[in-house]
Amino acid sequence: MQHQHQHQHQQSSDTQSTIQILQTFLYSRLDQQHKLLSLSGMYSDPYLLQNGLLANDNLRAKMFTALMKIAANSEMKDVESVDLSRNSLRELTPVTTLAQTYPRLKNLSLAENAIDQWRHLDIWRQKFRELNELVLLGNPITSLPNYRAEVIRRFPSLKMLDGETVGPNPFQANITKLPIATRPGFFENEQIQSITMDFLGKFLQVYDSDRTQLLPLYDSMSMFSISLNTGVPREMGVAAGGKGGGHYNTFQGSSQNWSSYIPLSRNLVRIHVSQRREARLAVGQEQIMGLLRSLPATRHDLSSPEKFSIDAWTMRGLRTAEDAGIMLIVHGEFEEPSPQQTQPNRAPRQGQQQQQQQQGLKRSFDRAMTLLPVAATGEILVVSDTLTVRSWAGSRAWGGSA
């Protein structure tokens, strides 16, 4: 018992000593006048090295969390700027607790680290809602396509990025209507309108009920892919049950769940490796049917034509120079039925509201299909089919104000 008591006492003393070391380090890096906490190069700091707090990966991983706990319970809680430059960070998991300690952070530097993928920034997406300035210079991610747009999308409050002014975010602007008049769908002629409307009505009905019945529409050369676009904003100014379309997310509150789509998405803005791009393009009946079966169940409300915008025109040379096919573009919405709708015998989760049990999750979509009518049989062949899924955004883009 005496030995155990001595061991516990030693552990307590060691803990207190570690806290004192970390406090000393934090205060040495604090500029109270400018409310700046500089943690630049902290993993090579001589004082922390001398005291053995960076001796191994396990200690380094725990150190930042401990620093943030100390900072949160001191006068450092008013810090507005943090410098995390030159820490060899490849991802933000080791420093993720910064967002909990300083949710109202104004300025952040991640310069001269090793961040090279967007998913490594996503851990802080929508976390720092008052962030004015971000510095990422010296990270490989700065050379990726659409760099500035992608960063601003993740941190929409930014006013400065890498020392340059960020223009006004058009998605945050107080825009109540489109600057030009909206127009209905376009059809090149009545024949194309008749063909495409008949095809689309049957296609979507079968797509919702039994996708295996779509197999004859594709052949060994047909192509199908799905792209997830999380960058498109939802309908602005529309709350659940309000003007413009009602409950846009009743089954899962105001959150979006993309887990069913992310492993299948062929969004070329995000996927840069050619092998992955090829792997997510379904070619031929077998691959296409496999991909169609992998997608969540859907329900398109064909009784409300105002929810869809359809354009169709002649497209030549689809397979041969003599081909006279049709380019079909559809914008609209669908609902993913809730588990209670797809599995009626499934018990509802504890605490779910009756309305949530009955409503599904709304999505908006864009679908581009090239169709080749087969004169000999009167059937239609789908040459290519590209489906883009995004957050529900209503129909004001083509239907005017609700």
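General remarks:
For (1) closer than 30 Å to Asn132 by Cα; (2) exposed (fewer than 14 other Cβ atoms within 10 Å of the Cβ); (3) at pLDDT below 90; (4) polar (S, T, N, Q), each residue gets a yes or a no:
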| position | (1), (2), (3), (4) |
| --- | --- |
| Leu161 | yes, no, no, no |
| Phe171 | yes, no, yes, no |
| Lys177 | yes, yes, yes, no |
| Thr182 | no, no, yes, yes |
| Glu190 | no, yes, no, no |
| Met197 | no, no, no, no |
| Gly201 | no, yes, no, no |
| Arg211 | no, no, no, no |
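- Breaking point among (1) surrounded by 18 or more Cβ atoms within 10 Å (Cβ to Cβ); (2) farther than 22 Å from Met63 by Cα, for Lys106: (1)
- Only a single criterion out of (1) farther than 26 Å from Pro140 by Cα; (2) crowded, with 16+ Cβ neighbours inside 10 Å is not satisfied by Lys77, namely (2).
- Every pair of residues 6+ apart whose Cβ atoms lie under 8 Å, when the first sits in segment 302-316 and is open to solvent by 70 Å² or more (accessible area, probe 1.4 Å) while the second is part of a helix (DSSP H, G or I) and not aromatic (Phe, Trp, Tyr): Leu302/Gly201; Leu302/Leu204; Leu302/Gln205; Glu306/Gly399; Trp313/Ile192
- Within segment 389-399, the set of residues being assigned to a strand (DSSP E or B) and surrounded by fewer than 19 Cβ atoms within 10 Å (Cβ to Cβ) comprises Ser391 only.
- Leu37 being at pLDDT 85 or above, touching a helix residue (DSSP H, G or I) at 6+ places or on another chain (Cβ under 9 Å) and hydrophobic (A, V, I, L, M, F, W, C): yes
- Considering the conditions (1) within 21 Å of Leu217 (Cβ to Cβ); (2) part of a loop (DSSP other than H, G, I, E, B); (3) open to solvent by 80 Å² or more (accessible area, probe 1.4 Å), His272 is excluded by exactly one of them, (1).
- Scanning segment 81-103 for residues that are crowded, with 16+ Cβ neighbours inside 10 Å and in a loop (DSSP other than H, G, I, E, B) yields Leu84, Ser85, Arg86, Asn87, Leu89, Glu91, Leu92, Thr97, Tyr102.
The values are calculated or read from the model by the stated rules, or taken from the named source; none is laboratory data. The model shown is predicted, which means the values in this text are computed figures rather than measured ones. Please note: Cβ atoms are built from the backbone with ideal geometry, for glycine as well, and neighbour counts cover all protein chains shown. The area values use the complete protein model at the heavy-atom level, side chains included, leaving out ligands, DNA and RNA. Shrake-Rupley method; radii C 1.70, N 1.55, O 1.52, S 1.80 Å.
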